[in-house]
Amino acid sequence: MSRAVGALLRKELQLELRAPQIVPAMALFSVSTLVVFHFALQRGQVAGDLAAGVLWVTLLFAAMLGTSRLFVADHEEGGLDAFLLAPVDRTALLVAKVAALLAFLAAVELVAVPAFAILLLGPAPSAGELARLVAVLALADAGIAVTGTLVGALAVQTRARDLLVPLLALPLLIPVVIGAAKATTPLFAEAGAGSLPLRWVAILALYDLLFGLLAYALFDFLVED
Amino acid sequence: MRYGTRLTTLSLLTAATMTAALALAFFYAPMDADQGFMQKIFYVHVPLAIVALCGFVFGGVMAIQHLRTRDPRYDLRSYVAIHLSLVLGAGVLVTGAIWAKASWGHWWVWDEPTLVSFLIIFLLYATYQPLRFSIEDPERQARYASVFAITAGAFVPLNFVAVRLAQSYTHPRVFATADGGLPPRMQVAFLVSLAAFALLFVTLWRYEMTSKHASAQLRSLRRKLTADGDRGLPARGRSAAPSLPSP
Amino acid sequence: MAAAPAIELDGLTRRYGERVALDGVTVSVPAGATLVVFGPNGAGKSTLLRVLATLLRPHAGAARVLGRALPGEGWAVRGHLGLLAHEPLLYGDLTARENLRFHARLHGVARGRAEALLEHVGLAARADERVHTFSRGMVQRLAVCRAVLHEPELLLLDEPRAHLDPAAAALVEPLIGAGDGRTRVVTSHDPSGGLAEADLALGLRAGRAELLRRAADVDPAEIGRLYR
């Protein structure tokens, strides 16, 4: 199965590198959103819980764009059939898609987080805070990637794909928003950063586990006929 | 399963229990010291919420059965349960808002984690019918709807936990759990009310199941009567509701 | 030695909502034989191929492919069948070589085989160009490569010579033609051509098998009647 996951992931990355659609759009959208926040909040700088909120809303909405496009290339080129014909466990497709979405999110964050720090963040983060931020990003991204893959697979077969993805995914991702926002708030505090509240990290991990299991159990039913 | 049987009995029983619940709530249960008369809405709001949540979970369980057995009847059961629970859910939010306005002067408060969680659940399940409607292939529609119902059903408890943890509320818990903290007369009224709404759900569920089965039978009879198969039938438009195969 | 039939269908039924796409199709195809399937559009030919390819599960009736029961044992059969469908099942943004290598990896086939096939169908020169720059005929040739990459025992071909000029058709013939003990199911709209290369003929209309006989015993005119 790892051979299949490798082949699928390689194909995803090749496609995106060859004809970049998803990552540039997400990155550009994040930066635009940050600018909109500046004008909407009428502030030059944010800190603490407001900063966490701005960052996570931006990342979440950018993720919705990516999720909508995740299965489109396969759907249009009849590509899922090609995979289904191979003597390969269907879970390989799930793992590959989650890994691909995770990679896309990470690439976007390489742009969005520095942009956020430059454009809107008040207190300058230290190395330790950055490391902790990366840890929270990783956990939250895993949750977004798993839920996104499940929702993306559900929505790709429907007629109103771009509308349905946010409608389905946003309520399902609220626990991720809760955990991530609460976990990163102390990192952006004005009067010097606090430590990482473990309770929220635990919530994120629990979410990742639960949805990981759900996706593993249900994904086959979405791709098989 | 013959859903049409016992409908009259169930309806009468539901009506009777509802009347009893209303009577108990208004005349038997004592007035709440803090909140006065508006607290009585608690006897509608909480049972509605409990029944709706159970309905969603039941929909999820039926969906699991549907995926396991591929029997479209389970899909129909799941669909009816979820769509009824959604209607009840709207009732929960409305009664919650009324009560919030009466208690705190605002139509919505973020302090009550159960209500907030319910809003999220409602928003999620509100996408169930649009999701179904936008998938044309009936078999795929049923299958995807079941995946959604299971995901949403599993999400319900996680959501409640997450929201409860998130609300660092200073506001006192207004709804003490039904088991503890309620004086006995209130408990009686509450339990009867809960029974009444549960019966309402079951009765409505059966009515809708009967109606759907009847339409399916009617269509299959029509098909058998028109000699040239399904060319003689009026085209069935796209629909969010599951179709049953001819029995 | 009597080998088990490659395909055994008994009352195969597949629905699409209230419409029936395949209605009680019963046919048995011996190993190494070619079955040609005729029928107007919407008769169920593509559905039949997709069920045989394990992409669709039967709603009623029994289906055995290469000795395995569908849908339960479909996973065991996939590596031994090749499908050439209406859609080429290729990614337009990837090159021909990348497409074949992707399939090779999925099937666990050595890279060299992909190269040899590209060479054989005359696409080696353009192997590093993106597929969406190819003509439809070239895409079809590449799709044939994809279908036979893993040397399947059972070939499911949906109008294989569509979009191919005679020269291209000749190139792909050794890959998808009868021979090497391959069992084939071919859909066709060409009565005489289809019958000539087949052992068994199946005529579908509205999902039902209206005709099922040895190809040699079928008159092309009878095929014409299916379309009326």
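The values are calculated or read from the model by the stated rules, or taken from the named source; none is laboratory data. Note that the structure is predicted; figures quoted are calculated from it, not measured. Cβ atoms come from the backbone with ideal geometry, glycine included; neighbour counts cover every protein chain shown.
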*Just need a number here: residues in the stretch A:106-155 that are crowded, with 24+ Cβ neighbours inside 10 Å and aromatic (F, W, Y).*
0
*Quick one: which of B:A63, B:A81 is in contact with a Gly (Cβ under 6 Å, 6 or more places away or on another chain), in a helix (DSSP H, G or I) and of a type in the set (A, V, I, L, M)?*
B:A81
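Just checking, does the stretch B:141-157 include any residue being touching a Pro at 6+ places or on another chain (Cβ under 9 Å), surrounded by fewer than 23 Cβ atoms within 10 Å (Cβ to Cβ) and of a type outside the set (A, V, I, L, M)? So that I can check it myself, show each step before the final result.
So in the stretch B:141-157, the residues touching a Pro at 6+ places or on another chain (Cβ under 9 Å) come out as B:141-142, B:145, B:152, B:155.
Among the residues that remain, those that are also surrounded by fewer than 23 Cβ atoms within 10 Å (Cβ to Cβ) are: none.
No, that holds for no residue.
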*Between residues in the stretch B:106-118 that are surrounded by 14 or more Cβ atoms within 10 Å (Cβ to Cβ) and residues that are of a type in the set (S, T, N, Q), which pairs lie under 6 Å by C-beta distance while being six or more apart or on different chains?*
B:P113/B:Q167; B:S117/B:N159
*How many residues does the stretch C:23-34 contain that are buried (at least 17 other Cβ atoms within 10 Å of the Cβ) and under 17 Å from the mean Cα position of the chain (by Cα)?*
5
*Where in the stretch C:1-43 are the strands (runs of 3 or more DSSP E), entirely inside, with at least 2 residues that are farther than 20 Å from C:L56 by Cβ?*
C:34-38
_the stretch C:98-117, residues that are closer than 19 Å to C:Q140 by Cβ and either over 20 Å from the mean Cα position of the chain (by Cα) or in contact (Cβ under 8 Å) with a residue 60 or more places away in the chain (or both)_ = C:E98, C:F102, C:A116
*Would you be able to say whether some residue in the stretch C:116-123 is surrounded by fewer than 20 Cβ atoms within 10 Å (Cβ to Cβ), more than 23 Å from C:E153 (Cβ to Cβ) and at pLDDT 90 or above?*
yes
_Whichever residue in the stretch C:8-20 is modelled with pLDDT of 90 or more and surrounded by fewer than 22 Cβ atoms within 10 Å (Cβ to Cβ) and, among such residues, is nearest to C:R78 (Cα to Cα)_ = C:E8
*Could you run through the stretch A:157-178 and say how many residues are more than 7 Å from chain B (Cβ to nearest Cβ) and surrounded by 22 or more Cβ atoms within 10 Å (Cβ to Cβ)?*
4
*Give the stretch B:108-165 a look and list any residue that's more than 10 Å from chain A (Cβ to nearest Cβ), β-branched (V, I, T) and outside any helix (DSSP H, G or I), or say none.*
B:V109
*Among (1) out of contact with any Gly (no Cβ under 8 Å at 6 or more places or on another chain); (2) among the aliphatic types (A, V, I, L, M); (3) away from every other protein chain (no Cβ under 14 Å), the one test that A:L101 misses*: (1)
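Give B:R68, B:R143, B:R132 a once-over and let me know the one that is among the basic types (K, R) and more than 26 Å from A:R161 (Cα to Cα).
Checking each option against the conditions leaves just B:R68.
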*Residue tally, condition in contact with a Gly (Cβ under 6 Å, 6 or more places away or on another chain) and within 14 Å of another protein chain (Cβ to nearest Cβ), over the stretch A:6-60*: 1
*Just for the stretch A:69-79: of the residues that are facing chain C (nearest Cβ under 9 Å) and in contact with a helix residue (DSSP H, G or I) (Cβ under 8 Å, 6 or more places away or on another chain), which one is modelled with the lowest pLDDT?*
A:G79
*Kindly provide the set of residues from the stretch C:32-82 that are at positive phi and more than 13 Å from chain A (Cβ to nearest Cβ), ordered by number.*
C:G32, C:G39, C:G42, C:G44, C:G61, C:G67
*List, please: which pairs have Cβ atoms under 7 Å, are six or more places apart or on different chains, and start with a residue in the stretch C:83-97 that is at the interface with another protein chain (Cβ under 7 Å from one of its Cβ atoms) and end with one that is modelled with pLDDT of 90 or more and in a loop (DSSP other than H, G, I, E, B)?*
C:L83/C:A53
*Criterion violated by C:L100 - all others in (1) touching a helix residue (DSSP H, G or I) at 6+ places or on another chain (Cβ under 7 Å); (2) closer than 19 Å to C:G32 by Cβ; (3) more than 9 Å from chain A (Cβ to nearest Cβ) satisfied*: (2)
*Neighbours by Cβ (under 8 Å, 6+ apart or cross-chain): first from the stretch A:210-225, facing chain B (nearest Cβ under 9 Å) and closer than 26 Å to C:V51 by Cα; second among the small types (G, A, S) and in a helix (DSSP H, G or I)*: A:F219/A:A153; A:F221/B:S146; A:L222/A:A153
*Is at least one residue of the stretch C:42-56 surrounded by fewer than 20 Cβ atoms within 10 Å (Cβ to Cβ) and among the β-branched types (V, I, T)?*
no
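So which helices (runs of 4 or more DSSP H) stay within the stretch A:1-96 end to end and still have 1 or more residues that are surrounded by fewer than 15 Cβ atoms within 10 Å (Cβ to Cβ) and hydroxyl-bearing (S, T, Y)?
Result: A:2-18, A:22-41.
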*asked:* Under 9 Å between Cβ atoms, which residue pairs at least 6 apart in sequence (or on different chains) link something in the stretch C:8-21 that is farther than 16 Å from B:Q141 by Cα with a partner that is surrounded by fewer than 19 Cβ atoms within 10 Å (Cβ to Cβ) and at pLDDT below 85?
replied: C:V20/B:G229; C:V20/B:D230; C:A21/C:G42
